[in-house]
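S.K.: Pasting a structure here, questions to come.
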Amino acid sequence: MKSKKIMHDIFQNLEIGIGEVSKLTGVSQRQLRYWETKGYIKPISDDQSGVRRYNLATLYLIVFIKEQLEEGFTLSAAFEHSKDIRLKSRIVHQFFRETFDDVKVTDSTKGYGEIDLGEFQAEDGSMHHFKGVVDEKGQYVKMDE
């Protein structure tokens, strides 16, 4: 998938200056520099001009930390929570990386579908087929005999 590689390259190589990050997120430049000294965020470059630049992943992290602070978390707790979320996201991404072939769209206008999650053998030896479903009832797992 060429488009996937292009988007990955954009995500990895996009650089945003500290002033723009501050303006976009509402986090002061002084606060961003403090977060750097604590090791919570890292600039991708601090070139000869002294301008700090951040990549898109760091921008997402800054927004996440800010939201956590607004919800009452301490800075260190917000950062620890971000590590937990990133790990969970990595696991979900890895799980679903190969699963798109097993997605059946049941209603394209409403965004409904089913994900084939495979078979499971119960303790009594009977086989069951699991599907993740998104439909008018919500999101749930269903088991077919």
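S.K.: Kindly evaluate LYS104 against the criterion of being assigned to a strand (DSSP E or B) and either open to solvent by less than 40 Å² (accessible area, probe 1.4 Å) or charged (D, E, K, R) (or both).
M.R.: Judged against the criteria, LYS104 is a match.
S.K.: Which condition breaks for HIS81 when tested against (1) open to solvent by less than 90 Å² (accessible area, probe 1.4 Å); (2) part of a strand (DSSP E or B)?
M.R.: (2)
S.K.: Of all residues in region 11-27 being out of contact with any Lys or Arg (no Cβ under 6 Å at 6 or more places or on another chain) and in a loop (DSSP other than H, G, I, E, B), which is least open to solvent (accessible area, probe 1.4 Å)?
M.R.: Applying the filter and picking the extreme gives GLY26.
S.K.: Quick check on LEU75: is it at pLDDT 95 or above and surrounded by 13 or more Cβ atoms within 10 Å (Cβ to Cβ)?
M.R.: The answer is yes for LEU75.
S.K.: Out of curiosity, is PHE73 in a loop (DSSP other than H, G, I, E, B), on the phi < 0 side of the Ramachandran plot and aromatic (Phe, Trp, Tyr)?
M.R.: yes
S.K.: Residues SER3, SER28, SER22: which one is modelled with pLDDT of 95 or more, among the hydroxyl-bearing types (Ser, Thr, Tyr) and under 22 Å from the mean Cα position of the chain (by Cα)?
M.R.: Step by step, each of SER3, SER28, SER22 is checked, and only SER22 is modelled with pLDDT of 95 or more, among the hydroxyl-bearing types (Ser, Thr, Tyr) and under 22 Å from the mean Cα position of the chain (by Cα).
S.K.: Output the residues belonging to region 38-50 that are open to solvent by 60 Å² or more (accessible area, probe 1.4 Å) and closer than 17 Å to SER82 by Cβ.
M.R.: LYS38, LYS42
S.K.: Then there is this: Step by step: first the residues of region 54-72, then only those that are closer than 25 Å to GLU15 by Cα and surrounded by fewer than 17 Cβ atoms within 10 Å (Cβ to Cβ), then the one that is farthest from the chain's Cα centre (by Cα). Which residue is that? If you could, list the steps in order and put the result at the bottom.
M.R.: Taking region 54-72 first, the residues closer than 25 Å to GLU15 by Cα are 54-69.
With the extra rule that they be surrounded by fewer than 17 Cβ atoms within 10 Å (Cβ to Cβ), the set shrinks to 56-57, 60, 63-64, 66-67, 69.
Values: LEU56: 12, ALA57: 9, TYR60: 9, VAL63: 12, PHE64: 10, LYS66: 16, GLU67: 15, LEU69: 19 Å.
Only one residue tops the list, namely LEU69.
S.K.: Checking GLN12 against (1) on the phi < 0 side of the Ramachandran plot; (2) without any contact (Cβ under 8 Å) to a residue 40 or more places away in the chain; (3) of a type outside the set (A, V, I, L, M), which single condition isn't satisfied?
M.R.: Failing condition for GLN12: (2).
S.K.: Moving on to the next point. Mind checking which pairs have a first residue in region 64-76 that is touching a residue at least 40 places away in the same chain (Cβ under 8 Å) and closer than 15 Å to VAL27 by Cα and a second that is open to solvent by 60 Å² or more (accessible area, probe 1.4 Å) and charged (D, E, K, R), Cβ under 8 Å, 6 or more apart or different chains?
M.R.: LEU75/LYS38
S.K.: Would you call GLY132 assigned to a strand (DSSP E or B) and under 25 Å from the mean Cα position of the chain (by Cα)? Walk me through it before giving the result.
M.R.: On the way: assigned to a strand (DSSP E or B): yes; under 25 Å from the mean Cα position of the chain (by Cα): yes.
It is true that GLY132 is assigned to a strand (DSSP E or B) and under 25 Å from the mean Cα position of the chain (by Cα).
The values are calculated or read from the model by the stated rules, or taken from the named source; none is laboratory data. This is a predicted model, so every value here is computed, not measured. Cβ coordinates were reconstructed from backbone atoms using ideal geometry, including for glycine residues, and neighbour counts include every protein chain displayed. Each accessible area value is taken on the protein alone, full model and side chains, heavy atoms only, with ligands, DNA and RNA left out. Shrake-Rupley method; radii C 1.70, N 1.55, O 1.52, S 1.80 Å.
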